[in-house]
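A.B. asks: One structure, pasted below without further comment.
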Amino acid sequence: MTPRALIFDFDGVLIESEFAGNRHIAEYLTARGHPTTPEQAMARFMGLSGADFTGAIERWIGGPLPDDFAEARAAEDARVVAEGIDPVAGAVAFVRSLPPSLPRAIASSSRTAWIERHLRHIGLFEAFAPHLYSGREHVTRGKPAPDLYLHAAARLGVPIAACAIIEDSPIGATGAVASGAYVIGLCAATHCGVGHDEVLRAKGVQAIAHDFGEVARLLGLAD
């Protein structure tokens, strides 16, 4: 497929934030008496935002969130924002290799302030601005609904069927497939363990890429 526009998820696609974030959640819940591994956290919470995210945690622990959950998450986010997060291998070079005329956007469950901070850290803010879209800020229904991808395509002025979406999470892939776009399941970040590609295939993605070189070939963008 040769797309007329690209829509990127952010965490786990462009930056290595998924494993670190879910490790923190797992450590926090375990310390509060709810044993959780990073792998369990990623399987249940990755790609969610807002009430969907907190609801998933409450179902997992069988009750309301601990009183200090929001404070603990805010402190961890502040630490990460201050330090920055490394890019996924090959992500920066891939984005910089894209034709300048090819529209692109980010459609993420994270807030736009988070997206902007880390895009600046890895040197890609100008490559995407102003097309940074958040499931918490720009649509009523975040992932796994398709609304955020449809919003991004509309803002780019390209029909969703002519867009390619790059997603790494099962929840994100569910919404991306439902949007009607061509969806590549990306398994390039460190949180993508053995079998992650099969999980994404089960969600209906049209292709799997284990690195950005494969993404470029799938999209007809390789040299």
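A.B. asks: Name every residue in the range 30-43 that is of a type outside the set (Ser, Thr, Tyr) and surrounded by fewer than 21 Cβ atoms within 10 Å (Cβ to Cβ), in order of residue number.
C.D. replies: Ala31, Arg32, Gly33, His34, Pro35, Pro38, Glu39, Gln40, Ala43
A.B. asks: Could you look through the range 44-59, keep only residues that are in contact with a Gly (Cβ under 8 Å, 6 or more places away or on another chain) and in a helix (DSSP H, G or I), and pick out the one that is nearest to Glu137 (Cα to Cα)?
C.D. replies: My answer is Gly50.
A.B. asks: Of the numbered conditions (1) touching a Leu at 6+ places or on another chain (Cβ under 9 Å); (2) under 22 Å from Val199 (Cα atoms); (3) outside the structural domain of Gly157 (by TED's automatic domain parsing), Pro35 fails exactly one; give the number of that condition.
C.D. replies: (2)
A.B. asks: Taking Gly63 as meeting all but one of (1) touching a helix residue (DSSP H, G or I) at 6+ places or on another chain (Cβ under 8 Å); (2) assigned to a loop (DSSP other than H, G, I, E, B); (3) at pLDDT 90 or above, write down the number of the exception.
C.D. replies: (1)
A.B. asks: Can you confirm whether Ala153 is among the small types (Gly, Ala, Ser), buried (at least 23 other Cβ atoms within 10 Å of the Cβ) and touching a His at 6+ places or on another chain (Cβ under 8 Å)?
C.D. replies: The answer is no for Ala153.
A.B. asks: Still on this model: Name, by its number, the condition in (1) among the hydrophobic types (A, V, I, L, M, F, W, C); (2) closer than 26 Å to Ala145 by Cβ; (3) out of contact with any His (no Cβ under 6 Å at 6 or more places or on another chain); (4) surrounded by 14 or more Cβ atoms within 10 Å (Cβ to Cβ) that does not hold for Ala70.
C.D. replies: The single condition Ala70 does not satisfy is (4).
A.B. asks: What number of residues within the range 28-46 are more than 20 Å from Ala75 (Cα to Cα) and in contact with a Pro (Cβ under 7 Å, 6 or more places away or on another chain)?
C.D. replies: 0
A.B. asks: Right, here's the next one. Take the range 44-60 and flag every residue that is surrounded by 15 or more Cβ atoms within 10 Å (Cβ to Cβ) and either of a type in the set (A, V, I, L, M) or on the phi < 0 side of the Ramachandran plot (or both).
C.D. replies: Arg44, Phe45, Met46, Leu48, Ser49, Asp52, Phe53, Thr54, Ala56, Ile57, Trp60
A.B. asks: Run Val205 past the list (1) part of a loop (DSSP other than H, G, I, E, B); (2) more than 21 Å from Tyr133 (Cβ to Cβ); (3) modelled with pLDDT of 95 or more; (4) among the β-branched types (Val, Ile, Thr) and report the number of the one that doesn't hold.
C.D. replies: Among (1) part of a loop (DSSP other than H, G, I, E, B); (2) more than 21 Å from Tyr133 (Cβ to Cβ); (3) modelled with pLDDT of 95 or more; (4) among the β-branched types (Val, Ile, Thr), Val205 violates only (2).
A.B. asks: Please determine, by comparing only the residues of the range 78-110 that are outside any strand (DSSP E or B) and among the basic types (Lys, Arg), which one is nearest to Pro130 (Cα to Cα).
C.D. replies: Step by step, filter the range 78-110, then rank; the result is Arg96.
A.B. asks: Now, a different point. Condition test on Pro35, is it outside any helix (DSSP H, G or I) and either within 26 Å of Ile160 (Cβ to Cβ) or touching a residue at least 60 places away in the same chain (Cβ under 8 Å) (or both)?
C.D. replies: no
The values are calculated or read from the model by the stated rules, or taken from the named source; none is laboratory data. Nothing here was measured: the structure is a model prediction, and the numbers come from that model. When we count neighbours, we look across all protein chains shown, and the Cβ atoms used for this are built from the backbone with ideal geometry, even at glycine.
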